[in-house]
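What follows is a short report on a single structure.
The values are calculated or read from the model by the stated rules, or taken from the named source; none is laboratory data. Bear in mind that the values here come from a model prediction, so they are computed numbers and not experimental data. FYI the Cβ positions are ideal-geometry reconstructions off the backbone, even for glycines, and counts take in every protein chain you see. Surface areas here come from the heavy atoms of the whole protein model, side chains and all, with no ligands, DNA or RNA. Shrake-Rupley method; radii C 1.70, N 1.55, O 1.52, S 1.80 Å.
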Amino acid sequence: MSLLRSLRFFPVACTGLSARSVLLQSSQPWHTFHAGPSLASASSKELLMKLRRKTGYSFVNCKKALETCGGDLKQAEAWLHKQAQKEGWSKAAKLYGRKAKEGLIGLLQEGNTAVLVEVNCETDFVSRNLKFQQLVQQVALGTLSHCQSLQDQLSTYTKGFLNSSELSELAAGPGTEGTLKDHLALAIGKLGENMILKRAAWVKVPSGFYVGSYVHGVTQSPSLHNLVLGKYAALVVCETCEQSANLQDVGRRLGQHVVGMAPLSVGSLDDEPGGETETRMLSQPYLLDPSITLGQYVQPQGVSVVDFVRFECGEVEEAAEAE
């Protein structure tokens, strides 16, 4: 079934509200690291279990960490992360250049801010792994934190984009150490596939504006909180006089149209349907009722569509290959 048809007939979940090569030194896999003499007292079962539960690393590596750090739990945890990151960077160097066309789009909204991020991997199997989804969540949180830190005097909406290199250099977010590229290396080390922090977009709106959103092909996990994941996503910026009860539904429907019809611009309510205007959002046949245009659907709703962002997982890679 085509994307357009599935958008019309299948219910989906929604919410209202650049890569850079790194010179690396190859290293011996960290799980074979020589930890020195055993410190039996520090490697007690209780301490070992605590470190294992807290970090998720294997018992062997947790035991070596405790022995290396003289039984200091905090230092052992830091040692584990450092060794895992070294291993991740080593794997990233070996896997660099392998095609990564699968992955997920992540949508995160908080207050007057909404972000979209795309993270790619090699296989759909890995994209369904919780560790990969947690990486997408961390990228979304880092992007949201970056956007909220910008000192904007909002009289109208603002929109921004981050490419792969810019995204990789962002801080991972509040309460988390390192940059997003550090978290990328850790995920590569754990999952063994090439991954790319592809891009991000964000929108901030003042009072009198609303951001509608839609995600298609939704994947959700209770542990990911407000993050919505899928293969297609859209943000639609609307100007509105009042916060009506149906605004969230209207925003979802507008986002659904953007995902399914892939317009290139908003256009005008005066545009005639067909011809050169077929890529203009407002003159397109409304996805959920093709007997009217989207503009005709919007007019009675008390909102004006002013902008949108559309992400399709893998579309940038496909366009590059086509060229």
**Message:** With the structure loaded, tell me whether residue 197 is open to solvent by less than 60 Å² (accessible area, probe 1.4 Å), within 30 Å of residue 168 (Cα to Cα) and assigned to a helix (DSSP H, G or I) or whether it fails that test.
**Reply:** no
**Request:** Could you check region 118-183 for helices (runs of 4 or more DSSP H) lying wholly inside it with 3 or more residues that are modelled with pLDDT under 95 and open to solvent by 60 Å² or more (accessible area, probe 1.4 Å)?
**Result:** 130-149
**Message:** For the condition modelled with pLDDT of 95 or more and within 30 Å of residue 128 (Cα to Cα), what is the one hit in 224, 294, 254?
**Reply:** 254
**Request:** Kindly indicate whether any position in region 77-97 is more than 24 Å from the chain's Cα centre (by Cα) and either of a type in the set (A, V, I, L, M) or modelled with pLDDT under 50 (or both).
**Result:** yes
**Item:** Hits in region 238-264 (condition: loosely packed, with under 13 Cβ neighbours inside 10 Å and closer than 15 Å to residue 305 by Cβ)
**Value:** 241, 264
**Request:** Please go through region 253-264 and pick out each residue that is within 9 Å of residue 284 (Cβ to Cβ) and part of a loop (DSSP other than H, G, I, E, B).
**Result:** 263
**Prompt:** Which members of region 39-70 meet the condition of being modelled with pLDDT of 75 or more and aliphatic (A, V, I, L, M)?
**Reply:** 47, 48, 49, 51, 60, 65, 66
**Message:** If I filter region 265-274 for residues that are modelled with pLDDT of 95 or more, assigned to a loop (DSSP other than H, G, I, E, B) and surrounded by fewer than 22 Cβ atoms within 10 Å (Cβ to Cβ), do I get at least one hit?
**Reply:** yes
**Item:** Selection from region 275-296 of residues that are surrounded by 15 or more Cβ atoms within 10 Å (Cβ to Cβ) and assigned to a strand (DSSP E or B)
**Value:** 280, 285, 286, 293
**Asked** What pairs can you find where one residue is in region 54-67 and over 22 Å from residue 187 (Cβ atoms), the other is of a type outside the set (Gly, Ala, Ser) and modelled with pLDDT of 75 or more, and their Cβ atoms are less than 7 Å apart, with a gap of 6+ or different chains?
**Response** 63/48; 66/47; 66/48; 66/51
**Subset of region 200-241 [more than 21 Å from residue 125 (Cβ to Cβ), of a type in the set (S, T, N, Q) and assigned to a strand (DSSP E or B)]** = 213, 240
